[in-house]
Every structure is written in C-alpha cells, then in structure tokens.
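Below: the structure, in structure tokens.
None of the figures in this text is laboratory data; all of them are computed from the coordinates on show. Note that the structure is predicted; figures quoted are calculated from it, not measured. Using ideal geometry, Cβ is built from the backbone for each residue, glycine included, and neighbour counts are taken over all protein chains shown.
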Ligand SMILES: [Zn+2]
C-alpha cells in the first residue's frame, strides 16, 4: 500500500511539473502551437493535448485554430495565454510609485504612475492598494492572482523582507507580507535590478542568452543582475549583483552605503540631469536632452560632453571588473545608463573594455535594455508569475 501511494504521489508531481512546463512556455513565448510544445518538452502529442485541456479548463490558456500551415499535415492549434489572468507589479521610487497590471504573457494591461516624494512604507502600501483597486475596476475582466514588488534596495528572497532601501530610508520592512494582507493575494518582492535583469532575460535583450550581466540605472542608484548558464545568480540570501557599490575609485566621493568611490557615487542620473539642467527627467527625456546638448556643443566637447565622457570612464572601470570576473556574453544597460550609452561616441564605446582581459572582452556585446521603462514592472510581474506558474492547479482550488 505504501508503495502504491508513493507512486501515485510521484505521478501527481510529474503531472504538476508538466503542466507548469507547458504554462511557462505559453507565457514566455506569448503563445505556442501544440507541435512546438511537443518538440520543446519531449512529450507525446496526446500528453500535450491532455495538459493543454487541463490548463484551458482551469482558465490559464485558450486555443486558436488559425495557426498557419507549416508543411504537410493538419494545422497545429495555437495555445495562447489567457490575458485576463493578471498580477500587479509595483515599483516604489523616490519620486513616483509605479503600479501596473501585467497579463499572463508579460504584457502590461494597465499602468499608473503615482507621484510621490520619498514615500514611506505606509504611504507606498496605501497608494499601491488604492491604485490596484482602481485599475481592476477599470478592467472588470481582469482576475488578480498575485503581485510582485521591485524594490530599490536589498530584499531577502525567502520572504520579501526589505532589509535596507537606503534612498527610501526603509529598514527591515516586511513589505511583501503587509501588501499581501492588504491585497488579499500572494505577494513577492525582490531587488529592482534583479527583476529588470529577469525581465530582459525573459522578454528583452537577454532572451536566449546564457550568461549576461545587467546594470540598472535608477533614481536610487545603480543595481545589477547576473545570469550564469541561464540562471539568475542571487547569492546566499539574494543580495548578489550590487554593481553600483563596486569600488571604482578608492579615494572617490562618499557613497550612500558608507563606503567611498562606489560606481554609483561617480556615475549618476542626478549628475547627468544637472549637466543638461533638468529636474527628475524620465529616461527618454534624459536621453533626448543629452543628445541635443551634445549636438549643440559641436565638435569641441562642452560641459555636457565632458560629463558624459567622465561617467563613461568610471563605468568602464566597473565593466572591466565585471567582465574579467564573470566572462558574460552580453552586458545590458538599463535606465540612465542606457541614456548615457546612447550618447557615447564610437571611440568611447571601443575604449570601454580596452583594459579588460582580451580573452573575456573580445566577444562581449554591450546593449541597452530592450524593454525600456517597462522592464522593472515586467520583472516584478515575473516574480509573481513564478509561484503561480509552478503549480497551476493551485489557483482557484481553495
Ligand atoms: Zn556604495
């Protein structure tokens, strides 16, 4: 009897894993054919058909028969994510609390940027809860299943506890647990740059890349995400990737972390915005203003071109260390680092990895984030989808 029971349990686990694998592919690819599922998962057609039917019956996917004929045989029905299934994505920052509903398949259904001024945790919770309710009221078809928060700080991966968000002055805040109680759905939280990295890996510039490093330039400084062999690297407790606090100049200015000469104390959005004379620009405004100012300055570099050159030199010191240490195939720059990169000259770009070890530097590509200003929200949503996609039948089963 004991043996029978353990076999049954194993079969149940295998089925859960297969359902999860199918749902994850449908989500990541924003729709796949049954034959693509069969190929990708190495399961036979009838098993795939059964798994898809179960997911459809539980409201996760829907099938369309309009797939183009590929070669001979019957057209393979296309399995699409049901976009009414949504999670909330939240990114509190110094000047704004960014809130969105993100559909299965990773598309933003609705977004609202709530102005803020160094919001406290209480302010963030009340603004977030109210905004999520408003967005849901505007989208009555949406079914909220969970939420993810991208935090500009150090977050314990296990329970979403914010250990420290220095620029927001948050210390030891049980953010995920409190938001879960307010919203009535499971909530996960993680470092914003880790989530930006995750989003670019799933849907952006890092799609299909095995080893990459992501640098996120935000109002609160520079964060990072690392992917090695296809897996995000979190470290022992989830704090890895703090590239903004790499030491690039031991005698440099004081950093918010208490050390001196960290990358983010020398390469900052604030200094770029000050150079072009605008306050709190978003990334697109910053990029346009930098490009226009450099064009106005002409051939002889003026103050804006000199500031860009200064920041790129410090960025190069950090990237040299990162590339030597991790040997990535791709470096992705997001936020104000993308704006900075977009206005560099070819000579500046060529010089960035000139001092890195040639064996590692030779094949590294440096690109800007493909998901632009949506990257942190999509990453926060990915965090929420992780737990849901892992056990699809748990949703609505309670
Ligand atoms: Zn620092």
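Summary of values
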item	result
Length-normalised contact order of segment 270-357 in % [C-alpha pairs under 8 Å, at least 6 apart]	36 percent
Listed residues 272, 326, 377, most fluctuating in the chain (Gaussian network, C-alpha, under 10 Å)	326
Whole-Å distance, taken between Cα centres, linking segment 12-28 and segment 129-154	25 Å
Extension gain (nm, one decimal) between residue 163 and residue 237, 0.36 nm per residue minus Cα-Cα	25.5 nm
Footprinting exposure proxy for 27, 64, 139 (fewest neighbouring C-beta atoms within 10 Å first)	64, 139, 27
The chain - percent relative contact order, Cα under 8 Å, separation 6 or more	16 percent
Within the chain, helix-based [θ] at 222 nm, where runs of 4 or more DSSP H residues each add -39,500 (n - 2.57), nearest 500	-13500 deg cm²/dmol
Point-to-point label distance, residue 295-residue 57, nm (Cα→Cβ direction, 7 Å offset)	6.0 nm
Relative contact order (percent, whole number), segment 205-370, Cα cutoff 8 Å, 6+ residue spacing	26 percent
Per-residue Cβ neighbour rank within 10 angstrom, fewest leading, 239, 214	239, 214
Length gained when the stretch residue 349-residue 113 is fully extended (0.36 nm per residue, less Cα-Cα span)	81.6 nm
Debye intensity ratio in log₁₀ form over the Cα atoms of the chain, taken at each q of 0.07, 0.10 Å⁻¹	-0.36, -0.71
If the convex hull is drawn through the Cα atoms of segment 205-370, its volume per residue in Å³	120 Å³
For segment 69-189, alpha-carbon Rg relative to the globular expectation (2.2 N^0.38 Å, N residues)	1.27
Of 321, 234, 258, the one that fluctuates the most in a GNM where the chain has Cα springs shorter than 10 Å	258
Top of 18, 191, 44 by mean-square fluctuation, Gaussian network on the chain, Cα under 10 Å	44
q = 0.14, 0.17, 0.20, 0.28 Å⁻¹: log10 I(q)/I(0) that the Debye formula gives for segment 189-239, counting C-alpha atoms only	-0.31, -0.45, -0.62, -1.11
Pairwise FRET efficiency - residue 395 versus residue 257, Cβ, R0 = 51 Å, nearest 0.05	0.80
Separation of the residue 11 and residue 123 label points, Cα + 7 Å toward Cβ, nm	5.8 nm
Alpha-carbon gyration tensor eigenvalues x 5, square-rooted, for segment 273-369, Å	26, 14, 10
Spacing of the two label points (7 Å from each Cα toward its C-beta) at residue 229 and residue 309, in nm	4.4 nm
